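Engineer: Can you read through this structure? Questions will come right after.
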Amino acid sequence: MYKSFFKRVLDFTVALIAIVVLLPIFIIVTVCLYVANQGKPFFFQERPGLKEKVFNIIKFKTMNDKKGPNGELLPDKDRLTKIGAFVRKTSLDELPQLINVLKGDMSLIGPRPLRTYYLPLYSEEQKRRHDVRPGITGWAQVNGRNAISWTRKFELDIYYADHISFLLDVKIILLTIKKVIIREGISQEGQATVERFNGKN
């Protein structure tokens, strides 16, 4: 009953309250990133959700669009702005996803929605992470986030899909607050975020 009904009701209610309470912070970050990114405070990208249905995720834009001599975007670590680094370290970049939660694209808690080009690389077992709505935070995020391997991350995602419950969600929320405070697992060593999944790592 929780997974099929109450979780969605709780998601909508909490997301709506959070947007109202955090609106001042939302406005301040939007203005700062508007200036830092030449008028582009938000970042939209297609991600697969429940049952692999594609939706547009909304995040604060933490990297600029600078390109190298060949016309291609510079590496992530070279495009991460100072304000963007702060927004990412404090996890404020995830705030706009509350809108995705209201729309039903996402849940507050669930496997993180990844890029659509990863879909053909998943094993049948790894695809099971799409049996539940993706989340703003999740079991993998509180157990290493970007600092763990893709293999371990998928194992944790599947564990969540198999053991979803109200108590597990409460535990994840509390651990998420702790992770945000100590700023742990933000990125892999030598990366601005995490290395790309290639179907093996």
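Engineer: For the pair residue 14 and residue 195, how long in nm is the line joining their label points, each one 7 Å along Cα→Cβ?
Structural biologist: Reported label-point gap for residue 14 and residue 195 is 3.3 nm.
Engineer: Could you please tell me the mean projected area of the C-alpha convex hull for region 85-153, averaged over all directions and given in square nanometres to one decimal? Don't skip to the answer; put the middle values down first.
Structural biologist: Details: hull surface 20.6 nm².
Across all orientations, region 85-153 yields a mean hull projection of 5.2 nm².
Engineer: Another question, if that's okay. Can you give me the long-range amide H partners of residue 112? Hydrogens built in the peptide plane at 1.01 Å from N, cutoff under 5 Å, separation of 5 or more residues or another chain.
Structural biologist: 135
Engineer: Name the lysines eligible as straight-distance cross-link partners of residue 51: C-alpha to C-alpha under 30 Å, and not fewer than 8 places from it in the same chain.
Structural biologist: 3, 7, 59, 61, 103, 127, 153, 171, 179, 200
Engineer: Given a Förster radius of 30 Å and the C-beta distance between residue 170 and residue 70 as r, what FRET efficiency does 1/(1 + (r/R0)^6) yield to the nearest 0.05?
Structural biologist: With R0 = 30 Å, the Cβ-Cβ based efficiency is 0.05.
Engineer: For a quick protection proxy, order the peptides 25-35, 145-155, 131-141 by their average other-Cβ count within 10 Å, most packed first. Walk me through the numbers on the way to the answer.
Structural biologist: Values: 25-35: 14.6, 145-155: 17.9, 131-141: 24.3.
The most tightly packed comes first, giving 131-141, 145-155, 25-35.
Engineer: In addition: Classify the chain as rounded, prolate or oblate, taking a ≥ b ≥ c as the square roots of the eigenvalues of its Cα gyration tensor: rounded when a/c is under 1.5, otherwise prolate if a/b is larger than b/c and oblate if not. Please list the in-between numbers first.
Structural biologist: Details: a/c = 1.65, a/b = 1.21, b/c = 1.37.
Oblate, because a/c is 1.5 or more while a/b does not exceed b/c.
Engineer: Still on this model: Among DSSP bridges having both ends in the chain, what percentage is antiparallel? Round to the nearest 5.
Structural biologist: Numbers: 9 of 11 bridges.
In the chain, DSSP labels about 80 percent of beta bridges as antiparallel.
Engineer: Could you name the lysines in cross-link range of residue 66, using Cα to Cα under 29 Å and dropping any fewer than eight places away on the same chain?
Structural biologist: Answer for residue 66, where 29 Å is the Cα cut-off: 40, 77, 82, 89, listed by chain and number.
Engineer: Let me ask another. Can you give the helix-only mean residue ellipticity at 222 nm for the chain, where every DSSP H stretch with n ≥ 4 adds -39500 (n - 2.57) and the sum goes over all residues, rounded to the nearest 500 deg cm²/dmol? Mind showing how you got there, number by number?
Structural biologist: On the way: 7 runs with 79 residues, N = 201.
One gets -12000 deg cm²/dmol as the mean residue ellipticity at 222 nm.
Only the coordinates and a few stated rules stand behind these numbers; no lab work does. Predicted, not measured: the structure shown is a model, and the values here were computed from it. In this analysis, Cβ positions are derived from the backbone assuming ideal geometry, glycine residues included, and neighbour counts consider all displayed protein chains.
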